[in-house]
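Report on the structure given below.
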Amino acid sequence: MSNTVESLPANWYYDEAVFRREQKNIFEKNWTFIVDGAEVAQPGRFVTATIANQFIVIVRTLQGELNGFLNLCRHRASTICAEDNGSLTQFTCPYHAWSYDLDGILKNAPGFKMGEEVTPKKFSLIPIKVDIWNGLVFACLDRECASLESWLGDIVRIAKNYPAISEMTFEAKRSNEGSINWKNYSDNSAEGYHLPTIHPALNAALVSKQTRISAYENGRFVGFEVVYKDCDNDGEGSSQDDSSGFWIYKFPALLLHFSMNSFNIERVIPVNSQTTVMQRWFWFKPLIDKQQRKQAIEFSNQVMKEDIGICTRVQKNLEGGVYQTGLLSIQRESGAIFFQQCVKEALS
Ligand code: FES
Ligand SMILES: [Fe+2]
């Protein structure tokens, strides 16, 4: 029996038609992490983002509900909010000033007879699904999708072993862009095979023999149970728990890093078939001081730089036309195998 699996065809990593199918079949159907809930805690606060290259807006109503809509005016398709975030009491389209309340109901369309030429029933904003888990706001374009909790599955249970976001303070957000296909980055994120070669410093910080990589929920996410050599509570009285961490790669494009002192989440945003943006948010327990926070974020930046570096080189060769397909090891790259399986299923 072979211990290898053929990898995805190279053209899936640059073909725009494949990319468009992925947007429809994968990114429109799964939940996407959008923002820290604290950013939309106050009545009237909104944030904008994209899912599958569609503009969306999330808003806290004046009554305290969290709503999500396509950021799409029903008149002539302008975005209704141009800013990344802010506060408002109603949406007023910047193009011709149609206005909507924070429940998305059309309130005014200057020059049109309300109730005759335009009706709120037909011309209100298009809602999307929004939910919060562990203080984090997620959204989904598919109104029929499973609940956020069931989509997260075992992640909800695993997160209970680590401090909740409410026990931590938000420190920073970082954004990087790579000239890479999102699956190239995901293949890389779902396996630990490259850890010693691409990330020597990260590898040295871990007790590598104790790293366990397992697939959960038929490969819908891959968990890396890690043990950090050097943690704040090491030395006398240290326990395994203090140094444990759990990294997750969740299909299609979400990374979560739990530890006893920090949490970070990374959203992978496919922009086009050869461009991907990676956004990271960092939280720390209050006992972690400024200097330690800075070091941890710099360390994460270094790992990101190493990953983008190798993925960019891979991308160039995938686009080169010589390499058609390769091999994945069941023993060393099971996470990437599961990830690619999920992609194939979604596109079939
Ligand atoms: S496009 Fe929004 S008011 Fe015209
Ligand atoms: Fe990596």
For segment 101-116, the count of residues that are within 33 Å of the chain's Cα centre (by Cα), farther than 25 Å from GLU149 by Cβ and of a type in the set (Gly, Ala, Ser) equals 0
Evaluate the following for SER243: is it more than 21 Å from the chain's Cα centre (by Cα), at pLDDT below 95 and surrounded by fewer than 21 Cβ atoms within 10 Å (Cβ to Cβ)?
no
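Considering only residues of segment 317-334 that are in a helix (DSSP H, G or I) and at pLDDT 95 or above, which is nearest to ligand 1 (Cβ to nearest atom)?
Step one: of segment 317-334, the residues in a helix (DSSP H, G or I) are 317-319, 334.
Those left that are additionally at pLDDT 95 or above: 317-319.
Details: ASN317: 44, LEU318: 40, GLU319: 38 Å.
Across segment 317-334, the extreme among qualifying residues is GLU319.
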What are the residues in segment 189-216 that are touching a Phe, Trp or Tyr at 6+ places or on another chain (Cβ under 9 Å) and surrounded by fewer than 14 Cβ atoms within 10 Å (Cβ to Cβ), if any?
ALA201, VAL207, ARG212, SER214
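Every residue, every condition in (1) under 28 Å from ARG20 (Cα atoms); (2) touching a Pro at 6+ places or on another chain (Cβ under 9 Å); (3) more than 16 Å from ligand 2 (Cβ to nearest atom), yes or no:
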site: LYS294; (1), (2), (3): no, no, yes
site: GLN302; (1), (2), (3): no, no, no
site: ARG313; (1), (2), (3): yes, no, no
site: GLY321; (1), (2), (3): yes, no, yes
site: GLN324; (1), (2), (3): yes, yes, yes
site: ILE330; (1), (2), (3): no, no, yes
site: GLN340; (1), (2), (3): yes, no, yes
site: SER348; (1), (2), (3): yes, no, yes
Among residues of segment 292-316 being more than 17 Å from SER186 (Cα to Cα) and open to solvent by 100 Å² or more (accessible area, probe 1.4 Å), the residue farthest from ligand 1 (Cβ to nearest atom) is GLN295
Strands (runs of 3 or more DSSP E) contained entirely in segment 1-116, each with at least 1 residues that are open to solvent by 70 Å² or more (accessible area, probe 1.4 Å):
4-6, 54-60, 85-87, 106-108
Kindly indicate whether any position in segment 41-53 is within 16 Å of ligand 1 (Cβ to nearest atom) and over 27 Å from PHE19 (Cβ atoms).
no
The residue that is farthest from the chain's Cα centre (by Cα), considering only those in segment 117-127 that are surrounded by 15 or more Cβ atoms within 10 Å (Cβ to Cβ) and outside any loop (DSSP other than H, G, I, E, B), is VAL118
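The values are calculated or read from the model by the stated rules, or taken from the named source; none is laboratory data. Fair warning: this is a prediction, and the values are worked out from it, not measured in the lab. When we count neighbours, we look across all protein chains shown, and the Cβ atoms used for this are built from the backbone with ideal geometry, even at glycine. Accessible surface is based on the protein model in full, side chains and every heavy atom, while ligands, DNA and RNA are left aside. Shrake-Rupley method; radii C 1.70, N 1.55, O 1.52, S 1.80 Å.
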